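The values are calculated or read from the model by the stated rules, or taken from the named source; none is laboratory data. If you're wondering where the values come from, they're calculated on a predicted model, not measured in any experiment. Counting neighbours? That spans all protein chains shown, and the Cβs are built from the backbone with ideal geometry, glycine included. Quick note on the areas: whole protein, heavy atoms, side chains included, nothing else; ligands and nucleic acids left out. Shrake-Rupley method; radii C 1.70, N 1.55, O 1.52, S 1.80 Å.
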Amino acid sequence: MIWRIAMRNLIQHRTKTIIIGSLVALGIMLTLIGNCLITTMGSGITKSFTDNFTGEILVTASGAKAGVFGAQSDEMFGPPVISVLKDYDAALAKVKALPGLKSWTPQLSGYAVFNFEEKGSDFSLLFGIDPADYFKSMDNVNIISGRRLAPGEEGMMLNRKMQDSLKKSMSVNLKVGDTIQLNSFGDAGFKIREVPIVAIFEFKAANQRIFTPSFVDSTTLRVLLGKNVGPTEKVQVSKEATALIDANPDSLFGDDTTAAAQTVSGSGKVLTEQGLKTMLGGKVAASVPPPGGGAWNFILVRLNPGVKAEPLIKELNREFEKDGIKANAQGWQISGSPDSYTFAALGLIFNIAMILLAVVSIIIIMNTLVISVMERTSEIGTMRALGAQKMLVRKMFIAETLSVTVLFGLVGIVLGAIVVAILNVVGLPADSDFLAVIFGGKILKPVVSLKPLLTSMGLILLIGSVSWIYPVALALKVSPLKAITTD
Amino acid sequence: MSIINLSQVKKHYSLGKTTVEAVRGVDLTIEKGDFISIAGPSGSGKSTILNMIGLIDTPTEGEVTIAGENIGKLDDTGLTRLRHEAIGFIFQSFNLIPVLNTRENIEFPLLLGKNGKITAEKRDWIDFLIEEVGLGDRVKNKPNELSGGQRQRVAIARALVTKPMIVLADEPTANLDSNTGEAILELMKKINKDSGTTFIFSTHDHKVVQIADHVVRLLDGLIVEDSRRN
Ligand SMILES: Nc1ncnc2c1ncn2[C@@H]1O[C@H](COP(=O)(O)OP(=O)(O)O)[C@@H](O)[C@H]1O
Ligand SMILES: [Mg+2]
């Protein structure tokens, strides 16, 4: 009976019902579409960062603020400092013990100057890798020309975006087979190294908006950065790949040198034994080989499909802390910033918009119900006079509100799902780099997933269960006397 | 046997600073099976008294006893329950539920009780009432498809459906033309005689008073006449 009266009242006051209903349907539809877009973008951006740059889990030195691209916003000037993962072996042991582990690979990151003498120079990010290991874990590049770095080989895979920008800015036309001179000047002094370009490549991900890293073998980068060169690399260094720039290099280092030649930049200092050691970098360090085959900045961890990273990150950090390992596990977001921040901000804005929408819906529905209570005072009073308890009045209004919100909410969900399905077929093109980052690719094909559906349903329930509270309180105040006094 | 008792009942309404004394000390006893008219000019306190008997208003002073229960002692739930069990209402402006048809309006009070199921016995009773008030061909019509007289007939059937001891009708003919009004009163009287249900109706129309066998006249909130006819 209550439902019959509720339904008939809704039909009776069609216009009002349709207005409220369309509002609910529209709100729910927009929420669902928005949520599906955000969720799809989220998995897109996550996937492109994890697949291309960070793995599901990135292990860094503890306290390191930097991800694979270097330090974040607070580092405005100069090359970012990326801490060496000193407890590499201990950290790796913990990584290897992770359930759901698919593979792992170590990586170095650092900045170097591409030096083209009189033509100019440019600053670029380099990833130092063990190609065999790295590409087993990260299937992230399309080779445009040339080939991947071979294990143990010294050389560079040049990012096509870098190649383009060099062409534009200083008409340097680099191609496979060319050698490139890399300089670095930091705490470890000035270092020079020349490596052959073995490939021009691009990342499969579209989201290399700011960073255009190129790959070099780990030894080369380690030397440039003045870091410990492990015994493995020392053996593997080939003389062909090593070029000495300074005057009379052969007499200084001989054929089997592991490191690049160097000069103390422009200082005219006398080369003391200590100075020489510093400049020699890799070679000198190699005489006291660190455990585990040289310094690394990161361990990139890949998990089996479907394994959730969050709990494993927590577990890893607990383990690191327990054993005093100076390492830190994190998700892709650190490296992904500022893109991950942009994305998080977008999500936040959307959530706020969604809450506002819910609040507005609730207020409008509430308002309409209040009017409806006032219009129906006599009817409510009559029911009360005929012996209806307050509970029945309450139930009647709840029934009306719930049926409108649920019915039209479901309509909204269906419409939203249809729109998302159409967008999935058509695809939303990313016509700017920014959108490509946000979309996590060149085209966004949103899918309807469980979480947005649940959110929408939760929203329906929220609207349906909150908006009647005040109007019902008003309705309950209606005395049976109103049956007589209002007509 | 008296089923309604008012003793020294007063009802005051405060309107800002002034107080309206709608009922100023009324003693009244109503017997089971009475067909009683509360008569008096507009503003004399008829409605106020009917409302207190009908448990939708409470006295400021004095005691109202309905079917042995002192209504001052009941809370909203208790009043509502007693109202549902003991009293049927016929309103001046009919007060049917607009979205329900004739039959549904009549059955509505039955659904409000503890046992809200419509049994076969109850269905027969509803059928009987529909025939009794002469609406056999209007069962499926909504109130806005009925004439004033027809609406009031629905209201009468609705008031009787729970088989209450008392039926209250506050100026039931005020919104009807005189012929229809007379017919409605005749119908009420017939049911009163057939079922022994107590009917209390108010009116300010002298002619209408004729039909009652117990007349209570009010003036300015006080009883000026309480007479029985035989
Ligand atoms: N809710 C109220 N508030 C203030 N005054 C009221 C209220 N109800 C009735 N009155 C006053 O009480 C007096 C009696 O009213 P009522 O019982 O409705 O008379 P009747 O039904 O005989 O016309 C009138 O003067 C009326 O104005
Ligand atoms: Mg009156």
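Can you tell me which of (1) more than 14 Å from chain A (Cβ to nearest Cβ); (2) under 22 Å from B:ASN192 (Cα atoms) is the one B:LEU50 doesn't meet?
Only one criterion in (1) more than 14 Å from chain A (Cβ to nearest Cβ); (2) under 22 Å from B:ASN192 (Cα atoms) is unmet by B:LEU50, namely (1).
Return a yes/no flag: does region B:24-31 have any residue that is within 14 Å of another protein chain (Cβ to nearest Cβ) and aliphatic (A, V, I, L, M).
Checking region B:24-31: not a single residue is within 14 Å of another protein chain (Cβ to nearest Cβ) and aliphatic (A, V, I, L, M).
Of all residues in region A:144-199, which are part of a helix (DSSP H, G or I), basic (Lys, Arg) and surrounded by 13 or more Cβ atoms within 10 Å (Cβ to Cβ)?
Correct list: A:ARG160, A:LYS161.
If B:GLY116 satisfies all but one of (1) more than 9 Å from chain A (Cβ to nearest Cβ); (2) surrounded by fewer than 16 Cβ atoms within 10 Å (Cβ to Cβ), what's the number of the condition it fails?
(1)
Filter region B:45-104 for residues that are in contact (Cβ under 8 Å) with a residue 24 or more places away in the chain, out of contact with any strand residue (DSSP E or B) (no Cβ under 8 Å at 6 or more places or on another chain) and among the basic types (Lys, Arg) and give the result.
Passing the criteria: B:ARG83, B:ARG103.
(1) within 16 Å of ligand 1 (Cβ to nearest atom); (2) touching a residue at least 24 places away in the same chain (Cβ under 8 Å): which one isn't true of B:SER2, the others all being true?
Evaluating B:SER2 over (1) within 16 Å of ligand 1 (Cβ to nearest atom); (2) touching a residue at least 24 places away in the same chain (Cβ under 8 Å) leaves (1) as the failure.
So, B:SER44, is that one more than 13 Å from B:ALA169 (Cα to Cα), away from chain A (no Cβ under 14 Å), within 12 Å of ligand 1 (Cβ to nearest atom) and not in a strand (DSSP E or B) or not?
yes
Within region B:119-132, work out how many residues are more than 14 Å from chain A (Cβ to nearest Cβ) and either in contact with a His (Cβ under 9 Å, 6 or more places away or on another chain) or of a type outside the set (A, V, I, L, M, F, W, C) (or both).
The qualifying residues number 7.
Can you pull out every residue in region B:160-180 that is within 16 Å of ligand 2 (Cβ to nearest atom), out of contact with any Leu (no Cβ under 7 Å at 6 or more places or on another chain) and away from every other protein chain (no Cβ under 14 Å)?
Within region B:160-180, just B:LEU176 meets the criteria.
Of these, B:ILE53, B:ILE87, B:ILE4, which one is within 16 Å of ligand 2 (Cβ to nearest atom) and not acidic (Asp, Glu)?
Criteria check complete, one pass: B:ILE53.
List the number of the failed condition for B:ILE56; all other conditions in (1) more than 10 Å from chain A (Cβ to nearest Cβ); (2) within 16 Å of ligand 1 (Cβ to nearest atom); (3) not in a helix (DSSP H, G or I) hold.
(1)
Filter region B:85-113 down to the residues that are open to solvent by less than 30 Å² (accessible area, probe 1.4 Å) and of a type in the set (S, T, N, Q), then identify the one that is nearest to ligand 1 (Cβ to nearest atom).
If we take residues in region B:85-113 being open to solvent by less than 30 Å² (accessible area, probe 1.4 Å) and of a type in the set (S, T, N, Q), then B:ASN95 is nearest to ligand 1 (Cβ to nearest atom).
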